[in-house]
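Just so it is clear, none of the values below were taken in a lab; they were calculated from the coordinates. All values derive from a computational prediction rather than experimental measurement. Here the Cβ is made from the backbone with ideal geometry for all residues, glycine too, and neighbour counts use every protein chain on show.
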Amino acid sequence: MRIGVHVSIAGRIDEVIDRAVALGCETIQIFSRNPRAWKIKPLVAQEVRSFRNKRSQYNIYPVLVHIPYLINLASPKNELWKISIASYIEDIKRTDALGAEYFVTHLGSHTGSGEEAGLNRFCQGLSEVIKKARPKTMILLETCAGAGTSLGGKFKHLEYILNNVKSKRVGVCWDTCHLYAAGYDIKSANGLDQTIKEFENKVGLSYLRAIHLNDAKKGLGSKVDRHEHIGKGMIGKEGMRRILNHPKLKALPFIMETPKDNIEDDLKNIKTVRRLACLSAGTCKKNER
């Protein structure tokens, strides 16, 4: 088990590792650029070398880079779809330049064209991206909360994409808040076992490479994507403890995208996660209990 958070890229890209070390992260997720704009500022070669050297020095792995918000490979609108493909290719190249192991992608929204049309559009777009970018990184399909016309709220969506995009460079990233909001009862012991079993049957556990560990502000099946601090939401501490220590999940990297209301929040959430993990493992020191 490796624990970390989504870290800010403010300033120089290599300063990410300094922040990660200060927080005690073993793994991290970042954006490689402004996630809310199409315009891309080139990476600085010296900063990239420093980033790679620092993460090697401090043993930070795996590194996940998250896709920008504007990209939508499932869009039926040709102009947006083509811009999304071009931007996606550039973001993959940036991820490879940083030496990151994973590139996390949402599946986008069909915006009314229907699930089947949206999934086909996504598969066509992702296949083109892989053909042109020839990624070294692995692309991880992220589960979503299932609101509106978004894709990724059902395991069958992941199954469809993996069956139609013929690449060994594609895997899956769970988001615990999203799964719970989408209707997967990962809070209870039986519900978690059933969720894992369904995923194993439809997708395959070998595809699951990382977990976004977030509590949920809203209830089971709410379709509301609102993250909460670990143990403070509807999944709760016991639910989080089960997820962290499940024998089929505990070897994965766990990265939090929890709220950052103040500078202490990441530290508090990391401490809570380590405490929940060590309680089950029986390895807690006195000051961690």
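Taking 1 over the mean of 1/r across every pair of different Cα atoms in region 2-288, what Kirkwood radius in Å do you get? Every distinct Cα pair counted, the radius reaches 19.2 Å. Take the alpha-carbon centre of region 1-29, take the same for region 174-232, and report the distance between them in whole Å. About 24 Å separates the Cα centre of region 1-29 from the one of region 174-232.
Maximal additional length on extending the L23-K250 stretch stands at 79.6 nm, based on 0.36 nm per residue less the C-alpha distance.
Using the Karplus relation 6.51 cos²θ - 1.76 cosθ + 1.60 with θ = phi - 60°, the per-residue 3J(HN,Hα) values for region 198-209 come to 4, 4, 4, 6, 8, 10, x, 5, 5, 7, 7, 10 Hz, with x marking Gly and Pro. Pairs exceeding 29 Å between alpha-carbon atoms, taken from K217/K250; K82/K217; K54/K250; K54/K166; K41/K131: K82/K217; K54/K166. Calculated [222 nm] ellipticity per residue, helices only, for the chain: -13000 deg cm²/dmol; basis is -39500 (n - 2.57) per DSSP H run with n ≥ 4, divided by all residues, nearest 500. Cα extents for region 213-268 along the principal axes, largest to smallest and rounded to whole angstrom: 32, 29, 16.
Close amide H pairs (under 5 Å, H built 1.01 Å from N) link S32 with H66, residues at least 5 positions away or on another chain. Considering only I130, Y160, W81, and ranking their Cα positions along the charge dipole of region 2-288 that arises from unit charges at the beta-carbon of Lys, Arg, Asp and Glu, the one farthest toward the positive end is I130.
Considering the chain as a Gaussian network with a 10 Å cut-off on Cα pairs, which listed residue, G221, G239, G148, attains the greatest mean-square fluctuation? The residue with the greatest mean-square fluctuation here is G148. The distance between label points at S167 and A10 comes to 3.3 nm (points 7 Å beyond Cα on the Cα→Cβ vector).
Add +1 for every Lys or Arg and -1 for every Asp or Glu among the other residues with Cβ under 14 Å from the Cβ of I196, and state the total. Its environment carries a net charge of +2.
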